[in-house]
Each structure stands twice: as structure tokens, then as C-alpha cells.
Amino acid sequence: MALPCLRYRNNSARRFPLSYPSTPTTIGEHIRKKRMDLGLLQTDVAQQLYVSADCVSYWENNRSTPQINYYPSIISFLGYSPFEIKTNTLSEKIVAYRCLNGLSYKAFGRLLGVDASTIRCWEIGRGTPNKEKIKKLEVLLTTKPLD
């Protein structure tokens, strides 16, 4: 007696492990989601971002966050910005410019000829730039982002 031929059709969608962040909220979760979507290993992502695989692992597990100098390459890898960028106020414009260009307080301060702590104060609303610095900021913030 012969058994009928069994045909198996897999109609289920691709399944991801439990660690797959379907709605990422942190930068590490965004990196993990993109990596898994592309089927890459952490070492593959690390090579693309010029960091160690440990860095990627720490970011993905929210044990640490990337330094701002890695933001441009992370944004390039993701294809979008993983954080909300507001540009309504001068302080928000400064934060957005620094993040998109991967500039520390110190590096951004050098562009304007001010101290890093001054930049931090402007960002949190504890003081405002003088007229000369506002003119420099307007030129800098309206120019094409740094490459």
C-alpha cells in the first residue's frame, strides 16, 4: 500500500528571532533591525562603520550608545536618521547640525571660535550667541552639511 504524496507549502512570512526589534526606539535597535533585514552579521556592520564588532554588539544591546562622530556613517548605513531632528529653534538647529555631521561640542566650537561648554549652553538654552556668532551660525547652518 502506497502513501499519498504529501505536498508542503510554506505560506508563512519570514520569521525573525525574538531579538528582532519590530518597532525600534533606540539607535542600537535601529542598527539591529537593519542588520537583520539585510541578513548581515555584527562583524559585517562593524566593517562598514569602521568600528569593532564589540561596539556594534554593545550598541544593539543598549549597553552603550555610539559617539556622535559615528552618527553620519550610521545614518548612511540605515538610510535614514534614527532620531527625531527638530529645527524650530536655534538650539535645535545646532543639535541637528552637530548630529548630522558627527561633530562634538569641541569640534563645532572650533568652527565658531568658541568653547565647547558655550555650545552646550546654547543647546540647552542657557545663553544666546552674540550678533557676530549668530551671523556665523546662520552661514554655517544654511550651508550644505560637511562631507
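The values are calculated or read from the model by the stated rules, or taken from the named source; none is laboratory data. From a predicted model like this one, the values you see are computed outputs, not experimental measurements. Neighbour counts run over all protein chains shown; Cβ positions are idealised from the backbone, glycine included.
For this structure, a couple of remarks:
- Filtered residues of the stretch 48-83 (kept if assigned to a helix (DSSP H, G or I) and either in contact (Cβ under 8 Å) with a residue 60 or more places away in the chain or charged (D, E, K, R) (or both)): Asp54, Glu60
- Which listed residue is of a type in the set (Val, Ile, Thr), within 19 Å of Thr143 (Cα to Cα), assigned to a helix (DSSP H, G or I) and without any contact (Cβ under 8 Å) to a residue 40 or more places away in the chain, from Val95, Val45: Val95
- Within the stretch 86-103, the only residue that satisfies the criterion of being under 16 Å from Ile134 (Cβ atoms), surrounded by 14 or more Cβ atoms within 10 Å (Cβ to Cβ) and of a type in the set (S, T, N, Q) is Ser91.
- Selection within the stretch 21-50: residues that are polar (S, T, N, Q) and over 12 Å from the mean Cα position of the chain (by Cα). The member of this set that is surrounded by the most Cβ atoms within 10 Å (Cβ to Cβ) is Gln42.
- Checking Lys106 against (1) at pLDDT 95 or above; (2) surrounded by 15 or more Cβ atoms within 10 Å (Cβ to Cβ), the condition it does not meet: (2)
- One residue from Tyr70, Tyr58, Tyr80 being of a type in the set (Phe, Trp, Tyr), surrounded by fewer than 16 Cβ atoms within 10 Å (Cβ to Cβ) and under 27 Å from Pro21 (Cβ atoms): Tyr80
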